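Student: Structure provided below as C-alpha cells; questions to follow.
The values are calculated or read from the model by the stated rules, or taken from the named source; none is laboratory data. Model, not experiment: these values are computed from the prediction. A quick note on method: Cβ atoms are made from the backbone with ideal geometry, for glycine too, and the neighbour counts reach across all protein chains shown.
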Amino acid sequence: MNIEHITRIEEKYLISTEKKLQLLTQLKKILIYDEHSNKGKYSVRTLYFDTPTYRDYQDKLNNNQQRKGIRMRIYDVQNISAKLELKMKNNDIQEKISLKIKKEDAQKLINREYHVLKKYKSEVAIKLYDIMKSNNYEPKTTILYNRYAFKCLEKNLRITIDSNLATSNTEFNLWDLNIDTVNVSPVYEHILEIKRIRELPLEIQEIIYPLENEEKPSSKYKRCCNFLYLPEKSILGRKTNRYNFQMLNNTSQNLKKIYTARGLLIYDGEFKNNLPNGKGKLFIEDLIVEGYFKDGKLDGEIKIINTKNEIIKYSSYKNGILFNKNFLLFKK
C-alpha cells in the first residue's frame with residue numbers, strides 16, 4: 001500500500017539504559033516486533049524538510065498546539081523506496097499521512113524537484129506538493145538513530161525505544177553510508193514512545209504508568225534541527241565552510257566542529273551532553289560570535305566582533321530565538 005493515514009495519541013519519555021533493558025524484557029513477552037525489525041533492532045534514517053525561515057521548527061520551539069512537519073524516512077540503505085510523511089499535531093492528537101515514493105523520486109525531492117510528486121496520482125501527493133512548492137520547503141536536518149519497535153495489531157498499538165541520536169545539517173542523502181554526523185544524545189539516554197488510538201491494555205499500563213514521572217523529551221527534529229539558529233543574514237549570511245585561522249590562534253585550543261543552520265562551524269567553549277552549553281565563541285569566517293549558549297542554542301546577550309576586535313553588533317537571544325536587537329556603530 002502506497003498511502004497510510006493514521007490518527008493517534010503519542011506519549012514520550014526519557015529513560016535510562018537500565019530501564020530500557022527492563023522494558024525490552026517485558027515487552028518481548030506480550031508484543032511482537034514490527035515489520036522493519038531484525039531481531040527487534042534496526043536503524044532509522046530521517047530527513048526533515050522545512051521552510052527557509054524554519055517555520056515548523058519555530059512552531060515547535062514555541063510549543064504551538066497546532067503544528068505540522070514534513071519528513072522522509074528509510075529503514076535500510078538497501079531500500080528502493082522511501083516514506084514521505086506529513087505529520088500534523090493538534091494538542092495531544094497526532095495525525096500522520098504517509099506516501100511511499102521511489103528512491104529516484106525521493107532523491108529528486110531532496111533537490112527540491114517538487115514536480116515528482118505529481119506522478120503519484122493521489123490527494124496525499126497533491127497535498128504534499130502544494131505545501132512543499134508554495135512554501136519552498138527544503139532539506140534541513142538528517143537524523144539517524146537505532147530503534148527497537150514493538151506492535152500489537154488488534155490494539156493498534158506501537159511502542160518504540162530509540163537510542164544513539166545523531167544528526168547532520170549539511171548532508172541529506174539518506175542512502176549515503178558515510179554521512180558525517182554529530183552525536184546528540186548521550187549513550188545512557190533513550191527515548192520511549194507509545195503510539196496508540198485507544199486506552200492501553202492493562203498489561204501495558206502496568207509497564208508504562210510507573211514512567212509518568214519521567215522527563216518528557218523534546219521532539220527529535222526540535223533537538224537536532226538547529227544547534228545554533230543564526231538568522232541575521234546581513235551579518236551572518238556568509239559561507240561557513242572556511243575559517244580565518246589567524247583568529248583561531250587566540251583560542252583555548254579546545255575546538256570542536258559543530259553543525260548549525262549555517263553549516264559546519266568551529267566552536268570554542270563549554271559543552272554539556274555534546275552540545276555548546278555555557279560561555280563560548282563561534283567562528284564564522286572573519287567574524288566571532290561570542291556569548292552564552294544553552295543546550296546548543298544561543299541564550300542571552302552575544303556580541304559579534306571582527307578580526308580587528310571591533311564590535312560589529314550586540315544581539316540578545318532566548319532559547320535560540322532572536323528577540324531583541326541593539327545596534328551599535330561599526331566601532332567601539
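Student: Return yes when residue 70 is over 15 Å from the mean Cα position of the chain (by Cα), of a type outside the set (S, T, N, Q) and buried (at least 18 other Cβ atoms within 10 Å of the Cβ) and no when it is not.
Tutor: So residue 70 does not fit the description; no.
Student: Let me ask you something else. If residue 156 passes every condition in (1) surrounded by 16 or more Cβ atoms within 10 Å (Cβ to Cβ); (2) closer than 27 Å to residue 13 by Cα but one, which one does it miss?
Tutor: Among (1) surrounded by 16 or more Cβ atoms within 10 Å (Cβ to Cβ); (2) closer than 27 Å to residue 13 by Cα, the lone unmet condition for residue 156 is (1).
Student: Now for a different question. For the condition crowded, with 16+ Cβ neighbours inside 10 Å and among the aliphatic types (A, V, I, L, M), what is the one hit in 97, 126?
Tutor: On inspection, the qualifying residue turns out to be 97.
Student: Here is a further query. Without any contact (Cβ under 8 Å) to a residue 40 or more places away in the chain, within 22 Å of residue 68 (Cβ to Cβ) and in the same structural domain as residue 198 (by TED's automatic domain parsing), is that true of residue 117?
Tutor: Answer is yes for this residue.
Student: Looking at the structure I just gave you, is residue 221 among the aromatic types (Phe, Trp, Tyr) and either under 27 Å from residue 64 (Cβ atoms) or surrounded by fewer than 16 Cβ atoms within 10 Å (Cβ to Cβ) (or both)?
Tutor: Here the answer is yes, as residue 221 does meet what is asked.
Student: Taking residue 40, is it in the same structural domain as residue 138 (by TED's automatic domain parsing), modelled with pLDDT under 85 and out of contact with any Leu (no Cβ under 6 Å at 6 or more places or on another chain)?
Tutor: So residue 40 fits the description; yes.
Student: Take the conditions at pLDDT 95 or above and either closer than 30 Å to residue 204 by Cα or surrounded by fewer than 16 Cβ atoms within 10 Å (Cβ to Cβ) (or both) and apply them to residue 83. Does it pass?
Tutor: Taking the combined requirement at face value, the residue satisfies it.
Student: Return yes when residue 252 is over 30 Å from residue 139 (Cβ atoms), of a type in the set (Gly, Ala, Ser) and either modelled with pLDDT under 75 or in contact with a strand residue (DSSP E or B) (Cβ under 8 Å, 6 or more places away or on another chain) (or both) and no when it is not.
Tutor: Details: over 30 Å from residue 139 (Cβ atoms): yes; of a type in the set (Gly, Ala, Ser): yes; either modelled with pLDDT under 75 or in contact with a strand residue (DSSP E or B) (Cβ under 8 Å, 6 or more places away or on another chain) (or both): yes.
For residue 252, the condition - over 30 Å from residue 139 (Cβ atoms), of a type in the set (Gly, Ala, Ser) and either modelled with pLDDT under 75 or in contact with a strand residue (DSSP E or B) (Cβ under 8 Å, 6 or more places away or on another chain) (or both) - is met.
Student: Another question, then. What is the residue count in the range 106-159 for residues that are assigned to a helix (DSSP H, G or I) and closer than 23 Å to residue 45 by Cα?
Tutor: The first filter runs over the range 106-159 and keeps only residues assigned to a helix (DSSP H, G or I), leaving 106-110, 114-119, 123-134, 153-155.
Adding the requirement that they be closer than 23 Å to residue 45 by Cα leaves 106-110, 114, 116-117, 124-125, 128-129, 131-132.
Number of matching residues: 14.
Student: Considering every residue within the range 20-34, establish whether at least one is under 28 Å from residue 128 (Cβ atoms) and surrounded by 15 or more Cβ atoms within 10 Å (Cβ to Cβ).
Tutor: yes
Student: Follow-up question, since we're still on this one. Go through 51, 7 for me and flag whichever is more than 15 Å from residue 88 (Cβ to Cβ), in the same structural domain as residue 200 (by TED's automatic domain parsing) and either of a type in the set (A, V, I, L, M, F, W, C) or touching a residue at least 12 places away in the same chain (Cβ under 8 Å) (or both).
Tutor: 51
Student: Return a yes/no flag: does the range 20-40 have any residue that is small (Gly, Ala, Ser) and in a strand (DSSP E or B).
Tutor: Within the range 20-40, not a single residue is small (Gly, Ala, Ser) and in a strand (DSSP E or B).
Student: Out of the residues in the range 298-332 meeting the condition of being modelled with pLDDT of 80 or more and not acidic (Asp, Glu), tell me which one is nearest to residue 184 (Cα to Cα).
Tutor: That would be 298.
Student: Next question. Picking from 70, 97, which residue would you name as being touching a strand residue (DSSP E or B) at 6+ places or on another chain (Cβ under 8 Å) and either assigned to a helix (DSSP H, G or I) or modelled with pLDDT under 95 (or both)?
Tutor: 97
Student: Go through the range 286-309 and count every residue that is assigned to a strand (DSSP E or B) and of a type in the set (Ser, Thr, Tyr).
Tutor: Count: 1.
Student: Right, here's the next one. Return the only residue of 118, 100, 108 being more than 22 Å from residue 54 (Cα to Cα) and touching a helix residue (DSSP H, G or I) at 6+ places or on another chain (Cβ under 7 Å). Steps first, answer last, please.
Tutor: Numbers: 100 fails: touching a helix residue (DSSP H, G or I) at 6+ places or on another chain (Cβ under 7 Å); 108 fails: more than 22 Å from residue 54 (Cα to Cα).
None of the others qualify; the one that does is 118.
Student: Checking the conditions here, which among 281, 220, 216 is modelled with pLDDT of 85 or more, in the same structural domain as residue 140 (by TED's automatic domain parsing) and under 26 Å from residue 57 (Cα atoms)?
Tutor: Answer to the selection: 220.
Student: Still on this structure: Consider the range 177-201. How many of its residues are in contact (Cβ under 8 Å) with a residue 40 or more places away in the chain and farther than 20 Å from residue 265 by Cα?
Tutor: Residues in the range 177-201 being in contact (Cβ under 8 Å) with a residue 40 or more places away in the chain and farther than 20 Å from residue 265 by Cα: 16 in total.
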